[in-house]
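Visitor: Shown below is the structure under consideration.
The values are calculated or read from the model by the stated rules, or taken from the named source; none is laboratory data. Keep in mind that what you see is a predicted model, and the values were worked out from it rather than measured. Don't worry about glycine lacking a Cβ; one is built from the backbone with ideal geometry, like all the others, and counts go over all protein chains shown.
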Amino acid sequence: MAQKSTAHRSSNPIPLPGKISVGMTVNGIETKAEIAPWVTLLDLLRDHLDLTGTKKGCDHGQCGACTVLLDGRRVNSCLALAVAQQDSQIVTIEGLAENLADGETLPPLQRSFIKHDAFQCGYCTPGQICSAVGMLREAEAGWPSAVSADLNADHVTLDDDEIRERMSGNLCRCAAYANIVPAIAEVLPIRSPDAERRSGSGVYPERSEWVGDRNKEVE
Ligand code: FES
Ligand code: FES
């Protein structure tokens, strides 16, 4: 027979907060949602907007599977509360394919991941690609990394060590790193000696092709 609980219950419980209205632009579309204040941006995208390309791995900011672009910068969407994103510009993996050349269905970075076989299960791949777009913008803006030799240099050359370091927040459980680095290096507007050694010269993509123009400039 079930026992009666003797746990004390408050006779005057604090009421749960109600839902909050939030508006943002997601992949170029103005979007409004009524959500509880504890809903993360990741859960808003996946569960409320059906944008399931963004993946939930750890849900604790440890793996990068949930990376999206927030006002042009890469963020872990599992750590961002959706209600804090009023008037933000969000770009997910589904929003990267734009400004494509005739006959193309994927931007150069995504094609390069396929060409280099830069994934196995693919679970980390949307986060890897969104993170790479944000990372390329950071490098273009001259942001140094922990392995940059000159912290004040105007120009960053993204050799393999720089790419590895800058992408270190994105984990791949299948360990496809050996192919992820060359896939990113191949689309660089200015190729590093590492990338040249691997693939030789080729037609370099226009900047707008690999970052898309929905992503705001990094200030
Ligand atoms: Fe967000 Fe892992 S799911 S960092
Ligand atoms: Fe499987 Fe990266 S390809 S987790």
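Visitor: Looking at (1) surrounded by fewer than 18 Cβ atoms within 10 Å (Cβ to Cβ); (2) within 16 Å of ligand 2 (Cβ to nearest atom), can you tell me which one residue 79 breaks?
Guide: All conditions are met except number (2).
Visitor: I've got another one for you. Cβ-Cβ distance below 7 Å, separation of 6 or more or different chains: which pairs start in the range 69-81 with a residue that is in contact (Cβ under 8 Å) with a residue 12 or more places away in the chain and end on one that is among the acidic types (Asp, Glu) and away from ligand 2 (no atom under 16 Å from the Cβ)?
Guide: Correct list of pairs: 72/217.
Visitor: I'm checking my understanding of the structure. Among residues of the range 43-62 that are surrounded by fewer than 17 Cβ atoms within 10 Å (Cβ to Cβ) and of a type in the set (Asp, Glu), which one is farthest from ligand 1 (Cβ to nearest atom)?
Guide: 50
Visitor: Any residue at all in the range 87-107 that is at pLDDT 95 or above, surrounded by 14 or more Cβ atoms within 10 Å (Cβ to Cβ) and within 16 Å of ligand 2 (Cβ to nearest atom)?
Guide: Yes, some residue in the range 87-107 is at pLDDT 95 or above, surrounded by 14 or more Cβ atoms within 10 Å (Cβ to Cβ) and within 16 Å of ligand 2 (Cβ to nearest atom).
Visitor: Yes or no: the range 32-41 includes at least one residue that is within 12 Å of ligand 1 (Cβ to nearest atom), among the β-branched types (Val, Ile, Thr) and under 21 Å from residue 125 (Cβ atoms).
Guide: yes
Visitor: Surrounded by 22 or more Cβ atoms within 10 Å (Cβ to Cβ), over 18 Å from residue 184 (Cβ atoms), polar (S, T, N, Q) and within 16 Å of ligand 2 (Cβ to nearest atom) - does that describe any residue in the range 63-73?
Guide: No, the range 63-73 has no match at all.
Visitor: Okay, next question. Considering 214, 191, which residue is over 26 Å from residue 68 (Cβ atoms) and at pLDDT below 75?
Guide: After applying the criteria, what remains is 191.
Visitor: Let me ask something else about it. Considering only the range 28-40, I want to know if a residue exists there that is free of Cβ contacts under 8 Å to residues at least 24 places away in the same chain and more than 23 Å from the chain's Cα centre (by Cα).
Guide: So far as the range 28-40 goes, yes, one or more of its residues are free of Cβ contacts under 8 Å to residues at least 24 places away in the same chain and more than 23 Å from the chain's Cα centre (by Cα).
Visitor: Assuming residue 71 fulfils every condition listed in (1) away from ligand 1 (no atom under 11 Å from the Cβ); (2) on the phi < 0 side of the Ramachandran plot apart from one, which condition is it?
Guide: (2)
Visitor: Checking the condition over 15 Å from residue 190 (Cα atoms), more than 16 Å from ligand 1 (Cβ to nearest atom) and either assigned to a loop (DSSP other than H, G, I, E, B) or in contact with a His (Cβ under 8 Å, 6 or more places away or on another chain) (or both), which residue from 156, 147 passes?
Guide: Just a single option satisfies the conditions, and that option is 147.
Visitor: Next up: With the checklist (1) within 16 Å of ligand 2 (Cβ to nearest atom); (2) at pLDDT below 95 in hand, flag the one item residue 6 doesn't pass.
Guide: (1)
Visitor: From 46, 9, grab the single residue that is of a type in the set (Lys, Arg) and under 16 Å from the mean Cα position of the chain (by Cα).
Guide: Selected residue: 46, the only one of 46, 9 that is of a type in the set (Lys, Arg) and under 16 Å from the mean Cα position of the chain (by Cα).
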